[in-house]
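Engineer: Mind looking over this structure? Questions follow.
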2 protein chains.
Amino acid sequence: MSASPSTSASSAPTSARRPRADAQRNLATVVAAAKEVFAESGVDAPMREIAARAGVGVGTIYRHFPQRSDLVKAVFTTEVDAAAADAPAIAAAHSPGDAVAAWLVRYTRFVAAKRGLGAALHSGDTAYAALPDYFLGTLGPVLRDLLDSAEAAGEIRSGTEPEDLLVAVSRLSSGQDAAQSERLVHLLVDGLRYGAAR
Amino acid sequence: MSASPSTSASSAPTSARRPRADAQRNLATVVAAAKEVFAESGVDAPMREIAARAGVGVGTIYRHFPQRSDLVKAVFTTEVDAAAADAPAIAAAHSPGDAVAAWLVRYTRFVAAKRGLGAALHSGDTAYAALPDYFLGTLGPVLRDLLDSAEAAGEIRSGTEPEDLLVAVSRLSSGQDAAQSERLVHLLVDGLRYGAAR
DNA sequence: AACTATACGGAACGTGGTTCCGTTTTCGCA
DNA sequence: TGCGAAAACGGAACCACGTTCCGTATAGTT
């Protein structure tokens, strides 16, 4: 209880020094810049462009994010969490079956806005291997709840894994045509309804 | 009607010379090499690797295929045509609704085998913009026939565009897990069956 | 104020796509 | 059969980008 006044419980007691303030400032700046650049130019945007926008050197970015995918992950973590947080409101506003569809469409729009993210997620590039895990780990349980409710109401068939569905929707949404993406997702959701208990 | 003796009806009468034999030989060699390399290393394989395998310089490849996507297109044209040619046999062997599903699964396996092709197709990269057009132009009518038959038989709903379906299936098949891809496609096809005329 | 661990910035390196150009080969014609 | 020009070849050269490295600047400690 001597040093570290504000932040709750840090990690290693070996070092006495506090993390430098400029480092934390820069980290936040980099993430904000990356969020903008990803939205404009896709997740494959040049690192130098992100560095320039943040007003730092590329070395600084690599210091904080040794892998490019770490930066991508950091940027999208907050948005994934937001999608997860929306589920209760959507569940309250629709019938259980429609809630599944509505939440997936919302997820669609989120994925579609990130040019190239879907492709990167499923490219087989091992550098991005951790990203699907995060998405699935966070959103899988959320969707499972929605599916369970809809199943219990007899509105959709049983036996569909939420992870499959998330993968499917993110892939279907990987294009630029938002209207088409939405059509495809609706078609998929109707597949869930086929053979429901009724 | 004076020159050009052998080849039936060529194009421009402006030039007198025939295309050089070595050029045509090399073109065939390059396409064959690219087919092998794409299958092994994906469509993003280095150009130099393809050139080395074909025993030519990279300049030779760029002479024949100014855009990388032109080479990809050349390589896959034959396989797309093969998928199109299979449709009649599949239609004959199944009920109309099952034929749609069976042909789409066959198409799934074809797309899944080309590592990275699906991602490239829908990456938004303008260099690849011509590829979807070729796929859709060739396979769209084929699938439309299958859909029309299934609709007429009352086995699937009406109003689904074959182009949407092809896009959807190629995206769903873009991963490495073939079993998962097949599950997703089946789910999508069941979406077609939902709300059929019965 | 001096010291040192930490972080910074950007030059440097490796890789891969694409272009350019001097050299080689094919083909039409005499 | 030999010649000349057009066509094609090959690979060096150039550029863009991801990633690493290291000399310099600075926050935090004493």
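The values are calculated or read from the model by the stated rules, or taken from the named source; none is laboratory data. Since we're looking at a predicted model, the values are computed, not measured. Don't worry about glycine lacking a Cβ; one is built from the backbone with ideal geometry, like all the others, and counts go over all protein chains shown. Note: accessible area is taken over every heavy atom of the protein model, side chains too, but ligands, DNA and RNA are not part of it. Shrake-Rupley method; radii C 1.70, N 1.55, O 1.52, S 1.80 Å.
Engineer: What about B:Leu147, is it within 14 Å of chain A (Cβ to nearest Cβ) and modelled with pLDDT of 85 or more?
Structural biologist: Details: within 14 Å of chain A (Cβ to nearest Cβ): yes; modelled with pLDDT of 85 or more: yes.
So B:Leu147 fits the description; yes.
Engineer: Just name the residue that is surrounded by the fewest Cβ atoms within 10 Å (Cβ to Cβ) out of those in the stretch B:158-173 that are more than 9 Å from chain A (Cβ to nearest Cβ) and in contact (Cβ under 8 Å) with a residue 40 or more places away in the chain.
Structural biologist: Per the criteria, the residue is B:Leu166.
Engineer: So, one more: Among all residue pairs at least 6 apart or on different chains, which show Cβ distances below 7 Å where the first residue, located in the stretch A:66-91, is over 13 Å from A:Leu143 (Cβ atoms) and the second is open to solvent by 50 Å² or more (accessible area, probe 1.4 Å) and of a type in the set (D, E, K, R)?
Structural biologist: Between residues of the stretch A:66-91 that are over 13 Å from A:Leu143 (Cβ atoms) and residues that are open to solvent by 50 Å² or more (accessible area, probe 1.4 Å) and of a type in the set (D, E, K, R), the close pairs are A:Val75/A:Lys35.
Engineer: What single numbered condition from (1) within 16 Å of DNA strand D (Cβ to nearest atom); (2) not in a loop (DSSP other than H, G, I, E, B) fails to hold for B:Ala39?
Structural biologist: (1)
Engineer: While we're looking at this one, here's another question. Quick one: count up the residues across the stretch A:61-99 that are within 14 Å of A:Val31 (Cα to Cα), more than 18 Å from the chain's Cα centre (by Cα) and open to solvent by less than 40 Å² (accessible area, probe 1.4 Å).
Structural biologist: Of the residues in the stretch A:61-99, 1 are within 14 Å of A:Val31 (Cα to Cα), more than 18 Å from the chain's Cα centre (by Cα) and open to solvent by less than 40 Å² (accessible area, probe 1.4 Å).
Engineer: Taking the stretch A:27-48, which residues are touching a helix residue (DSSP H, G or I) at 6+ places or on another chain (Cβ under 7 Å), open to solvent by 50 Å² or more (accessible area, probe 1.4 Å) and within 13 Å of DNA strand C (Cβ to nearest atom)?
Structural biologist: A:Leu27, A:Thr29, A:Arg48
Engineer: Scan the stretch B:176-188 residue by residue and report those that are part of a helix (DSSP H, G or I) and more than 7 Å from chain A (Cβ to nearest Cβ). Quick ask: steps written out before the conclusion?
Structural biologist: Start the filter on the stretch B:176-188 by keeping residues that are part of a helix (DSSP H, G or I), which leaves B:178-188.
Once the filter is applied, which keeps residues that are part of a helix (DSSP H, G or I) and more than 7 Å from chain A (Cβ to nearest Cβ), the stretch B:176-188 yields B:Ala178, B:Ala179, B:Ser181, B:Glu182, B:Val185, B:His186.
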